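So the structure is just underneath, and the comments pick up after that.
The values are calculated or read from the model by the stated rules, or taken from the named source; none is laboratory data. Bear in mind that the values here come from a model prediction, so they are computed numbers and not experimental data. Cβ placement follows ideal geometry from the backbone for every residue including glycine, while neighbour counts extend to all protein chains displayed.
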Amino acid sequence: MALPFHLCQPGGGASCGACCGLYNFRDHSREALTRALDRRTDTVRPLPKTPEAYRAAARSLRRWDKDPLFPPVRLCPLLGFVDDERKRVGCLAHPLVNDGVDLRDCGAYSANTCQSFECPSFLWLNAPQARLVRAALPDWYRYGLVITDVEFVRGCVKLLEAAVGGPVDLDAIVVHEPALAAARQLLSLKETAPDRPKNAAIFGRFSRDDLGEPAPRTIDYDTLGAEAAPEDDVVLCLGYDPASGPELEACRRIVREHVQALVAVLP
């Protein structure tokens, strides 16, 4: 079933630039990415709307794109803030924000590729899940982190349904402020979860293989002396890498407490 809105620019304050490599840096903190987006925006927005000017700017900006987390994944230097308030990320070369001129061929991909691409979330998330993420996270940084992590979204919903013993009406959460606030706290763990490894070559559930490609991470239960638990998929998506059984249980507890807080205020 088709989603009722476009995930990249869904409105409501949310926006995403993950397919342009937004989070593909070892340091993909909000602060680091804001600096990169500001630099690109300040460079590109004043330019004359010509291919020559945009290609020159793209070449110049690429020198800043150091230490990608996954080298085979392209970084587009024409991704920046597309609104004056700098709260919405998008393509600075897109005709909708560029006086009708399409200069996307000057970036990392061709305009045809950009026009036709849809990330896996378009296929793997359903409409209520997408609406919940949009409503809970009206913020470019957190929305992009979460909407592109299908396993995290599905994992949170699965834990929620297990806690109540059946299906949950996600659309009812969207229109119930106490529940929406609790859902926001749960989904915001993608940014706020404490005590995660810093500067590790991991992104949520993925690390790098020998070729720099994303490789799924798992929990070595035998080494940790632990058994699998329902929270573990979400624990991995949050970027935790527990080194002992007690550390793993502490990570699970953080997830469990946020799920229980949402259950307590469900409409």
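A few comments on the model shown:
- From the options LEU103, LEU170, LEU92, LEU78, residue that is modelled with pLDDT of 95 or more and in the same structural domain as ARG252 (by TED's automatic domain parsing): LEU170
- Residue within the range 180-194 that is in contact with a strand residue (DSSP E or B) (Cβ under 7 Å, 6 or more places away or on another chain) and either outside the structural domain of PRO72 (by TED's automatic domain parsing) or without any contact (Cβ under 8 Å) to a residue 40 or more places away in the chain (or both) present: no
- From VAL101, VAL89, residue being surrounded by fewer than 17 Cβ atoms within 10 Å (Cβ to Cβ) and β-branched (Val, Ile, Thr): VAL101
- One residue stands out in the range 207-226 among those that are part of a loop (DSSP other than H, G, I, E, B) and out of contact with any helix residue (DSSP H, G or I) (no Cβ under 8 Å at 6 or more places or on another chain): the one that is surrounded by the most Cβ atoms within 10 Å (Cβ to Cβ), namely GLY212.
- Residue match in the range 70-92 (condition: touching a residue at least 12 places away in the same chain (Cβ under 8 Å), out of contact with any Pro (no Cβ under 8 Å at 6 or more places or on another chain) and assigned to a helix (DSSP H, G or I)): no
- Residue-level check: of (1) part of a helix (DSSP H, G or I); (2) under 30 Å from ASP209 (Cα atoms); (3) among the hydroxyl-bearing types (Ser, Thr, Tyr), THR41 misses just (2).
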